[in-house]
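We did not get these values from a lab; they are worked out from the coordinates using the rules stated. Quick caveat: nothing in here was measured; it's all calculated off a predicted structure. Heads up, the Cβs are rebuilt from the backbone with ideal geometry, glycines too, and the neighbour counts pull from every protein chain shown.
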Amino acid sequence: MLRIYAGERDRLEASLSRLGAEREGGVYRLGGATITIYARKVLIQNGDFALAERLVDALIPLKPHCGSDEAGKGDLFGPLVVAGVCLEDQMAMRLALDSKDISNVAVMKLAEYYKNCCRVVVRKWEPYELTANMNSILVRSHVEVRSALGNGKTFYVDDFGAADALRKVGLVPLVRGEVIPAVAAASIVARATFLDWLEEHGLPAGSSAVVQEQARRIALEEGCSTLRRVAKANFKLVRELCSGE
């Protein structure tokens, strides 16, 4: 899938027409490939990288930029991960979709792609390290990531409710920041790092009643020292379960 913006559909359709694609309703067919254009993305099925490159060449060039995003903030188990990515290549920008809109398999593949082709920095906080206010940890982490990547380009951050604090340190917070390719790429890298941790420890994502019950079982059967290694120390449930220790 490729990211597109408002006004780019006509460019894509003109490019596909020049390439000799046949249109059937809202679907284009070119050789063995099927191309479907949606409002904000293009789905290419059975196509090769060369076709994707041709379509990207037809789109409006995007400016190089950097961004960061987090994963794990609302999950009881696992680390808090903040990743930053700088994008200069047009294909890398167009492949960046919000990690919440693609499968975990796609997240893992794209994370490797970005680590191999782009400047990437990851800051991971283990659960037992998370003793302070979550927003203060996040602001600090985004600043660390930006510093590690360098301060040369505009740096966008998905706003997590701390816009004023982010602006004070020179970052550009945006609500639904994943509309910016670098933020979306960062969300993919952060999500992949978080999922790797959960798989390694055999623990679930989220904070549902089922997940909370598992935390209670760990505290009861293995003790709070074990729980604090896998569940975020600043979560209310963890503090309540371990208040006597």
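Here are some notes:
- Within the option set 70, 88, 13, 22, being free of Cβ contacts under 8 Å to residues at least 12 places away in the same chain and charged (D, E, K, R) holds for one residue only, 22.
- Within the range 43-56, the set of residues being touching a residue at least 24 places away in the same chain (Cβ under 8 Å) and acidic (Asp, Glu) comprises 53 only.
- Sub-8 Å Cβ pairs linking a first residue in the range 112-131 that is on the phi > 0 side of the Ramachandran plot to a second residue that is surrounded by 15 or more Cβ atoms within 10 Å (Cβ to Cβ) and acidic (Asp, Glu), at least 6 apart or interchain, number zero.
- The residue that is surrounded by the most Cβ atoms within 10 Å (Cβ to Cβ), counting only those in the range 99-111 that are in contact (Cβ under 8 Å) with a residue 24 or more places away in the chain and of a type in the set (Val, Ile, Thr), is 107.
- Residue match in the range 119-138 (condition: farther than 30 Å from residue 225 by Cα and not in a strand (DSSP E or B)): no
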